[in-house]
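S.K.: Handing you a structure now.
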Amino acid sequence: MWAVGFEKHGDPGVLKVMELPDPRPGPREVIIRVLATSLNRIDTIVRRGYPGIPVKLPHVPGADIVGYIESVGPDTDLGEFRVGDLVLVSNVWGCGSCRFCRVGMEDHCQSWTMPGFHVWGGYGELVRVPVRALVRAPKEMTINELAVLPLAYGVSWKALRVANVGSGDWVLVLGGSGGVGTALTILAKALGARVIAVTTRPSLLKSLGATWSSAMIGRS
């Protein structure tokens, strides 16, 4: 397959187009043909070198993945999915059996894995993921819109769920104009909460539904 990756850590100049072996699915895994991905801060951190967590090189970044199920590994039950389905990929998956994984909190698993970080991600034509990471893609959204959902909106939704945010609650969003900040604002408003956003772009956050939008004017 063709992919954009790097063979050494560094600035954006280390990224290059590479021809790499096609991934092959193992048991309970599928291969996704990637249609779109997006750029997240974690992608830049991994490219520079994540402190304390080595990355096997060459590496293919890309935490967000949207594409079609292309092939299925042995002993794999697709459940509600079929080959050819358009899917998103949850960008944190765990062991699948610990107490956190059993209640849908795989991001708390001690064996958590993120595509584009621990394993090859969405900057390639193909990517291998476990079946349990598949999420059915909403039909009313474009491919490019879908590509920004998994990380920013996944992180935001989990935070709101853990905090048990509901109608009438106040939510303080720091760094409101970033990917997670805007996602938090939109999702919190959808839950009926009131949002205070701290941002350099107060008009943007107000347009997204923030009740109050405070501008950051400097640092002490």
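The values are calculated or read from the model by the stated rules, or taken from the named source; none is laboratory data. None of the values given here were measured: they were computed from a predicted structure. In this analysis, Cβ positions are derived from the backbone assuming ideal geometry, glycine residues included, and neighbour counts consider all displayed protein chains.
S.K.: Looking only at region 150-161, which residues are touching a residue at least 12 places away in the same chain (Cβ under 8 Å) and under 23 Å from residue 172 (Cβ atoms)?
M.R.: Within region 150-161, 151, 152, 153, 154, 155, 156, 157, 158, 159, 160 meet the criteria.
S.K.: With the condition kept exactly as written, say whether any residue in region 176-187 is closer than 19 Å to residue 92 by Cα, of a type in the set (A, V, I, L, M, F, W, C) and surrounded by fewer than 21 Cβ atoms within 10 Å (Cβ to Cβ).
M.R.: Yes, some residue in region 176-187 is closer than 19 Å to residue 92 by Cα, of a type in the set (A, V, I, L, M, F, W, C) and surrounded by fewer than 21 Cβ atoms within 10 Å (Cβ to Cβ).
S.K.: Name the pairs: first residue in region 52-64 and closer than 15 Å to residue 15 by Cβ, second residue in a loop (DSSP other than H, G, I, E, B) and of a type in the set (Val, Ile, Thr), Cβ to Cβ under 6 Å, at least 6 apart or on different chains?
M.R.: Pairs found: 62/37.
S.K.: Right, here's the next one. For region 183-206, which positions are modelled with pLDDT of 90 or more, part of a helix (DSSP H, G or I) and of a type in the set (Lys, Arg)?
M.R.: 189
S.K.: All but one of (1) part of a helix (DSSP H, G or I); (2) more than 29 Å from residue 36 (Cα to Cα); (3) among the hydroxyl-bearing types (Ser, Thr, Tyr) hold for residue 167; which doesn't?
M.R.: (1)
S.K.: Go through region 29-146 and tell me which strands (runs of 3 or more DSSP E), entirely inside it, have 1 or more residues that are of a type in the set (Lys, Arg). Lay out the reasoning, then the answer.
M.R.: Details: elements: 29-36, 66-72, 86-89, 126-130, 134-136.
Filter on region 29-146 gives 29-36, 126-130, 134-136.
S.K.: Just name the residue that is surrounded by the fewest Cβ atoms within 10 Å (Cβ to Cβ) out of those in region 12-55 that are acidic (Asp, Glu) and closer than 27 Å to residue 145 by Cα.
M.R.: 22
S.K.: Please specify each residue of region 148-170 satisfying the condition of being farther than 24 Å from residue 137 by Cα and surrounded by 16 or more Cβ atoms within 10 Å (Cβ to Cβ).
M.R.: If the condition is that a residue be farther than 24 Å from residue 137 by Cα and surrounded by 16 or more Cβ atoms within 10 Å (Cβ to Cβ), then 165 is the only one that fits.
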